[in-house]
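K.L.:
Quick one: this structure, given as structure tokens, is what I'll be asking you about.
Bear in mind these aren't lab numbers, they're just calculated from the coordinates by the rules spelled out. Bear in mind the structure is a predicted one, so any value in this text is a computation, not a measurement. Cβ: placed from backbone, ideal geometry, glycine included. Neighbour counts: every protein chain shown.
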Amino acid sequence: MSDYDHLAKAIREVPDYPKEGILFYDITTLINNGELFNEVADILHQRYAGAGIDKVVGIEARGFLFAPVLAYSLKAGLVPVRKPGKLPAETVEISYDLEYGTDSVQMHKDAVAPDEKVLIVDDLLATGGTAAATCKLIEQQGAQVVGMAFVIELDFLNGREKLPGQDVFSIIHY
């Protein structure tokens with residue numbers, strides 16, 4: 001039993017979405033409850049307060065729900081990492097392998113500076129591909145990833161294995 005079982009119970013499980021055989025963990029039922037949403041924000045803030053975070057990086061799309069709140073509470077800058085073609089200024093990009101094919105993520109070239117301390121935030125850690133790519137993208141710009149925070153981690157998909165040496169924190173584990 002975890003201290004966060006009540007948060008896990010607030011997450012709707014949707015079978016066969018987005019395709020048959022997938023159990024989707026829908027966080028909308030958690031975030032539309034102000035008390036629970038604030039509790040998640042407080043947990044993340046308490047974990048990283050005092051860590052000297054310069055930038056909080058939110059991964060598209062549901063990382064965008066938590067990263068701004070955390071950036072605000074940590075008095076840090078906010079950086080969106082997006083799918084290609086969504087950012088208006090000069091970008092840097094990294095591609096990564098999927099089970100069947102490849103995908104890419106981008107951020108603005110000037111979003112992080114060398115030696116800045118960066119926290120990566122997303123709603124879910126599954127296979128770890130997007131998180132690992134985001135980490136590499138930040139490190140290629142000379143910034144230091146000091147933590148990776150997730151609301152949910154699907155332990156059975158072993159996403160942490162793609163993040164060796166990283167400080168990975170997840171609130172809810174399935």
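K.L.:
Of Leu70, Thr29, Ser2, which is farthest on the positive side of the dipole of region 1-96, counting Cα position, with +1 on Lys and Arg Cβ, -1 on Asp and Glu Cβ, and the Cα centre as origin?
P.N.:
Leu70
K.L.:
Students often get this wrong, so check it: of Lys83/Lys136; Lys75/Lys109; Lys9/Lys117, which have C-alpha atoms separated by over 26 Å?
P.N.:
Values: Lys83/Lys136 15 Å; Lys75/Lys109 22 Å; Lys9/Lys117 33 Å.
Correct reply: Lys9/Lys117.
K.L.:
Further question on the same structure: Checking the a/c ratio against 1.5 first, then a/b against b/c, what shape does the Cα gyration tensor give for region 77-169? Working shown, then result.
P.N.:
Values: a/c = 1.89, a/b = 1.27, b/c = 1.49.
Verdict is oblate for region 77-169.
K.L.:
Be a star and scan region 1-38 for residues whose amide nitrogen sits under 17 Å from the point 7 Å along the Cα-to-Cβ vector of Tyr72.
P.N.:
31-38
K.L.:
To continue, here is another question. About its Cα centre, what dipole magnitude does the chain give when the only charges are +1 on Lys and Arg Cβ and -1 on Asp and Glu Cβ, stated in debye to the nearest 20?
P.N.:
Details: 15 positive and 26 negative charges, 76 e Å.
Approximately 360 debye in magnitude.
K.L.:
Further, regarding this structure: Could you calculate the contour length gain from Lys83 to Phe24, that is, 0.36 nm times the residue separation minus the distance between their Cα atoms, to one decimal place in nm? Don't skip to the answer; put the middle values down first.
P.N.:
Working: separation 59, 0.36 × 59 = 21.24 nm, distance 2.09 nm.
Taking Lys83 through Phe24 to full extension adds about 19.2 nm, to one decimal.
K.L.:
Also, I was wondering about something else. Calculate the length of the line joining the C-alpha centroid of region 150-174 to that of region 53-76, in whole Å.
P.N.:
18
K.L.:
What are the ³J(HN,Hα) couplings of region 117-125, residue after residue, when phi is run through the Karplus curve with 6.51, -1.76, 1.60 and θ = phi - 60°? Round to Hz, x for glycine and proline.
P.N.:
Each residue's phi maps through the Karplus curve to give 8, 10, 10, 9, 10, 8, 6, 9, 9 Hz.
K.L.:
Still on this model: Under a cut-off of 18 Å between alpha-carbon atoms, report the aspartates and glutamates in cross-link reach of Lys19, not counting same-chain residues fewer than 8 places apart.
P.N.:
Glu99
K.L.:
Longest span of the chain, sites excluded, free of trypsin sites (Lys or Arg not before Pro) in DSSP loop with at most 15 other C-beta atoms within 10 Å?
P.N.:
On the way: sites that count: Lys19, Lys75, Lys86, Lys109.
Longest run free of exposed loop sites: 110-174.
K.L.:
Tell me the mean residue ellipticity at 222 nm calculated for the chain from its helices only (DSSP H runs of n ≥ 4, each -39500 (n - 2.57), averaged over every residue, nearest 500). Please report the intermediate quantities before stating the final value.
P.N.:
Details: 5 runs with 48 residues, N = 174.
-8000 deg cm²/dmol, from helical runs alone.
K.L.:
Per residue, how much space in cubic angstrom lies within the convex hull of the C-alpha atoms of the chain? Please list the in-between numbers first.
P.N.:
Working: hull volume 21.6 nm³, N = 174.
In the chain, the Cα convex hull volume per residue is 124 Å³.
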